[in-house]
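K.L.:
Please read through the structure below; I'll follow up with questions.
The values are calculated or read from the model by the stated rules, or taken from the named source; none is laboratory data. Remember, it's a predicted structure, so these values are computed and weren't measured experimentally. Heads up, the Cβs are rebuilt from the backbone with ideal geometry, glycines too, and the neighbour counts pull from every protein chain shown.
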Amino acid sequence: MKPHLIRVVFIFFIFTSSILNAQKTTLAKHWIPFLQKIEIDVDKPTAFKFTGWVKVERHKQDSTTEARLWARVDNKDEQPGFFDNMKNRPITNDKWQKYEIKGTLLPNASSLTIGGMAYYNGMFFFDNFQLFLKDNDGFYYPVPLKNADFEHSELLKDWKSSLIANNSKLIKNFTFSIATDAQSGRQSLKIIGKNITRPLPEEKLKSWYQKDYAEDTIPGISLDKAYREVIKTRKGQEVIVAVLDTKLDIHHEDLKDQIWINTDEIPDNGIDDDNNGYVDDINGWDFLSNTKGEFVKYQYVESTRIVKAYDSIFKDKAANEIPSDLMDKYELYTKAYTAWKKEVDPEAEVKIHNMKLWKDKVNKGERVLDSIYPKMSYTSKELDSLIVSYKDNLAIQPKLKDYKEAWQNNLTQEALDEMINSLHTKQKIILNLAHNERAIPGDDVTNINDRYYGSPIVYGDVPYQHATFVSGVMGATRSNSIGINGFSVHIKLMPVVMVASGDEHDKDVALAIRYAVDNGAKVINMSWGKNLSLNQQWVNEALQYAADKDVLLVTAAGNEDTNIDKYDYYLNDHEEGKEIVDNLIVVGASTWDKENLKAQFSNYGINNVDVFAPGVDVFTTTYSKNQYGFGYGTSVSSPLVAGLAGLLRAYYPKLSAKQVKQIILASGTHYDTTILMASENGEVYQVPFSKLSKSGKVVNAYNAFLMAEKLSKN
């Protein structure tokens with residue numbers, strides 16, 4: 001008997017890949033998918049099987065060529081479901097062969113997406129796709145797929161791929177065509193991949209962003225060349241670069257010697273020795289903590305903050321009921337309320353309860369397995385064998401079946417704990433209007449003049465150790481022969497904590513900028529951002545304060561693959577369409593692949609993004625026990641520019657913040673390359689890389705030094 005299917009509906013859509021929660025993305029050109037999405041409901045766990053015939057003719061010089069089938073289950077509660085893209089068993093056989101993916105649909109499944117993928121250079125053939133669901137008697141019965149044999153004259157009818165939207169001719173790397181070489185029927189789908197850049201070896205990857213394109217054919221920032229040919233053994237002077245971010249691992253082996261020390265303050269004496277209003281601020285300041293040792297780990301997203309501020313004024317009111325002098329605030333509230341309401345989940349408690357039930361099932365299954373077959377991990381075949389062996393034991397077999405179902409969906413106790421914590425935190429803190437996000441700092445959140453709150457402890461175990469990897473690319477010690485090389489031994493890093501999981505508060509942003517400026521920072525890095533702002537005027541005044549004090553500000557453009565000329569993104573240096581300061585650099589993320597120079601996730605905009613810098617596979621410091629790893633995002637692009645600014649100010653201290661900004665933008669490398677983009681309706685089009693930012697360039701340290709040298713002599 002078949003399981004009860006409430007509905008089976010085919011949905012076709014444009015596929016996009018994403019990094020760091022991108023809302024929409026550009027196109028990954030070293031691989032290409034095609035797919036069908038099926039919306040499907042089942043009333044109990046139901047096994048499925050997806051099969052297809054595939055063969056691959058590799059490019060003779062490309063060992064990375066491979067094909068895959070893939071299947072993904074999306075759940076109604078937006079929690080991760082089954083996913084298999086054959087990453088551990090890629091297809092490279094040059095003869096037709098049948099491949100399959102097996103998985104399980106749980107009762108909360110909302111859709112099943114299936115398809116194929118081609119990677120790198122070669123020819124890829126696909127044919128005779130089939131989908132099956134398992135009935136109560138253990139038999140698989142077919143679910144109809146459309147054009148599953150690719151026999152339709154319109155080759156990809158009922159299949160979709162982002163790289164062939166509207167039959168675009170713009171795609172350099174992949175082409176789709178009909179092949180008469182078929183496993184069944186008259187024809188098959190053939191994909192050809194060509195001229196695709198292969199991944200860099202890991203050792204090159206660790207230092208690629210410091211390389212020079214002319215010398216290394218890698219579009220880095222030419223920092224090695226700048227040291228080798230210009231800086232050499234020249235002496236510079238100390239420059240303080242403030243890191244406005246999360247808590248920072250100031251004890252990391254590659255950062256500890258570069259941490260700023262406030263020599264005007266006596267440590268731990270409870271006295272404000274330098275009279276700056278902040279007691280014992282030896283290494284910086286944390287605006288999200290108190291003197292009891294407590295610190296904020298999670299704070300509101302900005303939509304929650306705005307709704308809470310204005311809900312009592314505007315709730316349930318129409319625009320015609322609002323006085324004209326409040327209309328700007330009403331419009332902000334309406335926008336924020338829409339965003340906030342979309343995130344609030346009325347079924348959160350039920351979901352958390354169900355996750356706890358699954359955690360209990362996993363725990364019971366592990367105890368049973370430990371008692372009969374103790375080992376670290378299990379294969380599907382081993383679990384099936386045990387289930388059969390204990391088929392008559394009604395105490396043990398159900399626990400084994402539950403465990404296998406959880407195992408198939410990667411539902412470990414650790415994963416479930418993380419999901420429970422994430423959902424609980426989001427609903428009970430980040431989106432909860434009743435939560436007091438300022439209970440720990442204890443300040444008057446509505447008063448920008450209430451500024452002396454927080455504590456001097458700038459390090460600690462926060463959920464997201466963002467500042468540590470941001471700081472490494474900018475300021476890791478160059479002279480210790482370990483880890484990585486930052487920009488200069490002359491850079492001293494000043495931690496100023498004002499970021500927790502959630503969105504940064506405008507008051508903290510403004511006061512953190514002022515603290516850094518007042519305590520000697522000449523460059524400030526801010527690797528964060530948001531789409532709404534409650535008190536942007538406070539921030540704008542702080543930007544102007546920094547400009548008046550000749551301090552250069554650098555910030556990340558964001559990771560939503562959005563044109564921020566068209567959509568609000570904070571912080572920025574514009575007010576009512578006009579630039580209000582000349583000391584802020586907004587940075588997008590570039591890659592090591594010239595043909596795909598814009599990082600897929602990076603925001604862009606010819607007016608609001610100033611320049612690009614490496615933001616993919618950037619090797620840097622990470623939190624805990626002197627670790628290192630690869631960083632991604634405009635969060636690492638920004639400190640690369642801040643590091644370059646600090647380097648320039650160390651050797652050319654007479655240059656103003658405005659001049660340093662002009663040098664960085666003017667001296668970057670121009671690349672004559674076009675970027676493939678996708679519109680909101682899925683249309684593919686080309687844009688010159690030079691049109692994605694104000695400068696149209698990727699920063700170049702060598703060129704910047706040559707320009708700074710010339711300007712300083714004048």
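K.L.:
Under the condition of being free of Cβ contacts under 8 Å to residues at least 12 places away in the same chain and in a helix (DSSP H, G or I), which residue from the stretch 339-348 is farthest from residue 309 (Cα to Cα)?
P.N.:
342
K.L.:
With the structure loaded, tell me whether residue 487 is part of a helix (DSSP H, G or I) and either closer than 24 Å to residue 209 by Cα or not assigned by TED's automatic domain parsing to the domain that holds residue 571 (or both) or whether it fails that test.
P.N.:
Spelling it out, it is not the case that residue 487 is part of a helix (DSSP H, G or I) and either closer than 24 Å to residue 209 by Cα or not assigned by TED's automatic domain parsing to the domain that holds residue 571 (or both).
Each row is one residue, and each column tells you yes or no for (1) in contact (Cβ under 8 Å) with a residue 60 or more places away in the chain; (2) of a type in the set (D, E, K, R).
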| site | (1), (2) |
| --- | --- |
| 659 | no, no |
| 663 | no, no |
| 676 | yes, no |
| 689 | yes, no |
| 709 | yes, yes |
| 712 | yes, no |
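K.L.:
Now for a different question. Tell me yes or no: at least one residue of the stretch 421-433 is outside any helix (DSSP H, G or I), outside the structural domain of residue 500 (by TED's automatic domain parsing), of a type outside the set (A, V, I, L, M, F, W, C) and closer than 19 Å to residue 501 by Cβ.
P.N.:
yes
K.L.:
Report yes if residue 68 is out of contact with any His (no Cβ under 7 Å at 6 or more places or on another chain) and at pLDDT 95 or above, otherwise no.
P.N.:
For residue 68, the condition - out of contact with any His (no Cβ under 7 Å at 6 or more places or on another chain) and at pLDDT 95 or above - is met.
K.L.:
Considering each residue of the stretch 265-292, count those that are part of a loop (DSSP other than H, G, I, E, B) and either hydrophobic (A, V, I, L, M, F, W, C) or in contact (Cβ under 8 Å) with a residue 12 or more places away in the chain (or both), and give that number.
P.N.:
19
K.L.:
Which members of the stretch 121-135 meet the condition of being surrounded by 22 or more Cβ atoms within 10 Å (Cβ to Cβ), closer than 18 Å to residue 86 by Cα and either small (Gly, Ala, Ser) or touching a Gly at 6+ places or on another chain (Cβ under 8 Å) (or both)?
P.N.:
124, 126, 127, 129
K.L.:
Take the residues of the stretch 547-562 that are at negative phi and at pLDDT below 95: which is surrounded by the most Cβ atoms within 10 Å (Cβ to Cβ)?
P.N.:
Selected residue: 559.
K.L.:
Right, next: Would you pick out the residues in the stretch 463-476 that are part of a loop (DSSP other than H, G, I, E, B) and crowded, with 22+ Cβ neighbours inside 10 Å?
P.N.:
476, the sole residue that qualifies.
K.L.:
Considering each residue of the stretch 624-662, count those that are among the hydroxyl-bearing types (Ser, Thr, Tyr), over 23 Å from residue 543 (Cβ atoms) and crowded, with 24+ Cβ neighbours inside 10 Å, and give that number.
P.N.:
Residues flagged as among the hydroxyl-bearing types (Ser, Thr, Tyr), over 23 Å from residue 543 (Cβ atoms) and crowded, with 24+ Cβ neighbours inside 10 Å within the stretch 624-662 amount to 0.
K.L.:
Of these, 437, 504, which one is touching a residue at least 24 places away in the same chain (Cβ under 8 Å), buried (at least 20 other Cβ atoms within 10 Å of the Cβ) and assigned by TED's automatic domain parsing to the domain that holds residue 532?
P.N.:
Checking each option against the conditions leaves just 504.
K.L.:
Another one. From the list 242, 226, pick out the single residue that is in contact (Cβ under 8 Å) with a residue 24 or more places away in the chain and not in a helix (DSSP H, G or I).
P.N.:
Answer to the selection: 242.
K.L.:
Can you confirm whether the stretch 334-345 contains a residue that is more than 30 Å from residue 507 (Cβ to Cβ), surrounded by 11 or more Cβ atoms within 10 Å (Cβ to Cβ) and at pLDDT 85 or above?
P.N.:
So far as the stretch 334-345 goes, no, none of its residues is more than 30 Å from residue 507 (Cβ to Cβ), surrounded by 11 or more Cβ atoms within 10 Å (Cβ to Cβ) and at pLDDT 85 or above.
K.L.:
(1) within 33 Å of the chain's Cα centre (by Cα); (2) modelled with pLDDT of 85 or more; (3) in a loop (DSSP other than H, G, I, E, B): which one isn't true of residue 376, the others all being true?
P.N.:
Here residue 376 meets the rest and fails (2).
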